[in-house]
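Read the structure below first, then the notes.
The values are calculated or read from the model by the stated rules, or taken from the named source; none is laboratory data. Note that the structure is predicted; figures quoted are calculated from it, not measured. Heads up, the Cβs are rebuilt from the backbone with ideal geometry, glycines too, and the neighbour counts pull from every protein chain shown. Side chains are part of the model used for accessible areas, which takes the heavy atoms of the whole protein and leaves out ligands, DNA and RNA. Shrake-Rupley method; radii C 1.70, N 1.55, O 1.52, S 1.80 Å.
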Amino acid sequence: MTTEELSSLKIDKSVDARGTACPGPLLAAKKAIGEIQGGQVMEILSADEGTRRDIPKWCTKKGYEYIRVIEDSGYFKLYMRKS
Amino acid sequence: MAKMTVALFSGSIDKLTGAGVVISGAAADDMDVEVFVLLMAARAFVKGNQDKIDGLSEYPELKDEFTKSLERLNVSTWIEFFEMSKELTNVKVYICSLAGKMWGGEKMEDFIDLVDDICGIGEYITSAQEADVHLFI
């Protein structure tokens, strides 16, 4: 998905986990996933490098669609869709 | 459902924190987790002892640095990790009956709320035999 396509994507849930280190962002994502429906998109903000690998692997294991990561100033924005 | 069995032997703050991180990772993965609290770790689960748990197993001389780093990184306490994990998935904490007695805990009311039951070593062995992931911490 291109950055332009991503910018037009409707974000149904945003989780700001920038204040926590690993495993905080993963736990925050796990908690939040229950609050969205299948087909909805969640954005996870994290300043922890480990999250870049954790979230895609977690999505694969859980059967969710990992969309992509965008690097911002000092943190990452990860996008996924619940199946 | 995949299952992880943890033999939690160490009662030092660094290893309890490490155990909490690992268990919470398993919880995020929806694994069933069974924690068997053995000898030295049981002290941390007896009511009234939580503030006494502050030693490090590794690099004990770096305790201040360890503590400050956890605060700076906003890392949860080991108890918070256990609590979060129990909220997320099926995490059971069992106290080895011998270990509990060593630190003054004989009945369920002697232990903090994280504890689900008191068990013997045979239950741990059975759990370990059935587990997909088995850790000794």
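How would B:Ile121, B:Ile112, B:Ile23 rank on accessible area, largest to smallest, probe 1.4 Å? Walk me through the intermediate numbers first.
On the way: B:Ile121 95, B:Ile112 25, B:Ile23 0 Å².
My answer, sorted largest first, is B:Ile121, B:Ile112, B:Ile23.
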With all protein chains in place and a 1.4 Å probe, A:Leu9 shows an accessible area in Å² (nearest 10) of 40
With the charge dipole of region B:1-121 built from beta-carbon charges (+1 for Lys and Arg, -1 for Asp and Glu) about the Cα centre, the Cα from B:Val37, B:Leu73, B:Ser85 projecting farthest to the positive end belongs to B:Val37
What length, rounded to one decimal in nm, is gained on full extension from B:Ile112 through to B:His134, with 0.36 nm per residue of separation minus their alpha-carbon distance? 5.5 nm
In square angstrom, what is the accessible area per residue of the protein assembly as shown with a 1.4 angstrom probe? 51
A drop of at least 10 square angstrom in accessible area, chain alone versus all protein chains together, probe 1.4 Å. Which residues of region B:1-31 meet that? B:Val21, B:Ser24, B:Gly25, B:Ala28, B:Asp29, B:Asp30
B:Leu88 accessible area, nearest 10 Å², 1.4 Å probe? 30
Any chance you could get the radius of gyration and Dmax over the Cα atoms of chain A, in Å? 11.5, 30
Suppose the Debye formula is applied to equal point scatterers at every Cα of the protein assembly as shown; what is log10 I(q)/I(0) at q = 0.10, 0.12, 0.15, 0.16 Å⁻¹? -0.51, -0.70, -0.98, -1.07
Carbon and sulfur atoms: what percent of the 1.4 Å accessible area of the protein assembly as shown do they account for? 49
per DSSP, antiparallel bridges as share of beta bridges in the protein assembly as shown, % nearest 5, sits at 35
In square angstrom, rounded to the nearest 10, how much accessible surface does B:Ser97 have for a 1.4 Å probe? 50
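Counting pairwise Cα distances across chain B, what percent come out greater than 27 angstrom?
Details: 1494 of 9316 pairs.
Here the tail beyond 27 Å accounts for 16 percent of pairs.
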For chain A, set up a Gaussian network in which alpha carbons nearer than 10 Å are linked by springs, and say which option among A:Ser73, A:Ser14, A:Ser46 fluctuates the most. A:Ser73
I want to verify a result. In a Gaussian network model of chain B, Cα cutoff 10 Å, which of these has the top mean-square fluctuation: B:Gly11, B:Gly48, B:Gly105? B:Gly48
Order B:Thr5, A:Thr3 by their accessible area, 1.4 angstrom probe, all chains in place, largest first. A:Thr3, B:Thr5
Ignoring ligands, DNA and RNA, the residues of region A:1-48 whose accessible area with a 1.4 Å probe is reduced by 10 Å² or more relative to the chain alone are A:Gly19, A:Thr20, A:Ala21, A:Cys22, A:Pro23, A:Leu26, A:Leu27, A:Lys30, A:Lys31
Pick from B:Met84, B:Met102, B:Met40 the residue whose mean-square fluctuation is largest in a GNM of chain B, springs joining Cα atoms under 10 Å. B:Met102
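Can you give the accessible area buried between chains A and B, summed over both chains, with a 1.4 Å probe, in Å² to the nearest 100? Write out the running numbers ahead of the final one.
Numbers: alone 4790 and 7410 Å², together 11130 Å².
In total, chains A and B hide about 1100 Å² from solvent.
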